[in-house]
Amino acid sequence: MQTTHFWNKLDLHRRKIISGSILILFILLHQLPVQAQGMFGLTSSSGSDEKLISYGFFLAGHHSTFRVNYSDAFVDPNANVSPEVRAIFPRYSPGFSLGFIGMLRFHDQVQMLFTPKVGFYEYKTEVHYFNDQIDTELIGGDVIVTGENRGEIITYNSEATMVELPLLFKYRSQRFNNTRMYFLGGASYQFRTKTQEEANLEELVTTGQDYTIELGMGFEIYFKYFKFAPEIRFSHGLNNLYQVENTQADFRDAISSIKRKNITIYLNFQ
């Protein structure tokens, strides 16, 4: 009886291992489309991309600031306007918002969106004063002493809860596998829930209504029962919100206009 050589034994084991590996790989490849469809399948079984009207909601985080323009008199060295003020700097502040999405389908790649939301904002403005020119005990805000010869920085905070009503047009690319890129733009009307009488008690006073231009981009990811669409959007206010007559006297004449500016990250669920 012939004895099996040692290398022949290894060859038999190797063939079994290769055959088993091919079988496992075939099973994995067969199951992969099923798993992928379970995670990134069509948006629900009803196909919301084909619906004339569809809905969703979103959560968003933003950074907001004022755009402050100096008055001509303040930059004129001979005018002697607000002589104790060295400079005024608005700062970005974080906040968040939430709202709903209503979509009207014109075409597979073109939609109109109405996205009402409530946003919670904080605006910070730093006023830099010359040294020994101001009594900080008589002024509100957060005082930061920056050095004996550099003067003082006082930060004025303004908090606002805004109701916003954006109307946007959205252009989407053709669907590639389970994703789409898109661009959107439009305008928004917004108003502050705080009354003007309450706002007049602040050091830097602004009005409560505004119109903004909205521009953004994002991409849609298709899951089995919904679409997830992360998005970045830029918002620029059009109205001059500044109320000079109610603003604190020592720096009010240094400013000619104030407008809002926001950068927002949206997490849309549709």
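Quickly run through segment 93-115 and pick out the residues that are of a type outside the set (A, V, I, L, M, F, W, C) and either surrounded by 14 or more Cβ atoms within 10 Å (Cβ to Cβ) or assigned to a strand (DSSP E or B) (or both).
If the condition is that a residue be of a type outside the set (A, V, I, L, M, F, W, C) and either surrounded by 14 or more Cβ atoms within 10 Å (Cβ to Cβ) or assigned to a strand (DSSP E or B) (or both), then S93, P94, G95, S97, G99, G102, R105, H107, Q109, Q111, T115 are the ones that fit.
Starting from segment 89-112, take each residue that is over 30 Å from E159 (Cα atoms) and in contact (Cβ under 8 Å) with a residue 40 or more places away in the chain and list its partners that are of a type in the set (G, A, S) and surrounded by 14 or more Cβ atoms within 10 Å (Cβ to Cβ), counting only C-beta distances under 7 angstrom and pairs at least six apart or across chains.
Pairs found: M103/S54.
Quick one: in segment 51-91, which of the residues that are more than 29 Å from M103 (Cα to Cα), within 22 Å of the chain's Cα centre (by Cα) and not charged (D, E, K, R) is surrounded by the fewest Cβ atoms within 10 Å (Cβ to Cβ)?
Residue satisfying both the conditions and the ranking: F89.
In segment 207-224, what count of residues is obtained for those that are free of Cβ contacts under 8 Å to residues at least 60 places away in the same chain and either of a type in the set (A, V, I, L, M, F, W, C) or crowded, with 18+ Cβ neighbours inside 10 Å (or both)?
Selection size over segment 207-224: 10.
Of the conditions (1) in contact (Cβ under 8 Å) with a residue 60 or more places away in the chain; (2) of a type in the set (S, T, N, Q); (3) within 30 Å of S82 (Cβ to Cβ); (4) assigned to a loop (DSSP other than H, G, I, E, B), N262 satisfies every one except a single condition; which number is it?
Here N262 clears every test but (4).
Does segment 231-244 include one or more residues that are more than 21 Å from A187 (Cβ to Cβ) and of a type in the set (D, E)?
no
Laboratory data are not the source of any read-out in this text; all were calculated from the coordinates shown. All figures in this text were calculated on a predicted structure; none of them were measured in a lab. Cβ: placed from backbone, ideal geometry, glycine included. Neighbour counts: every protein chain shown.
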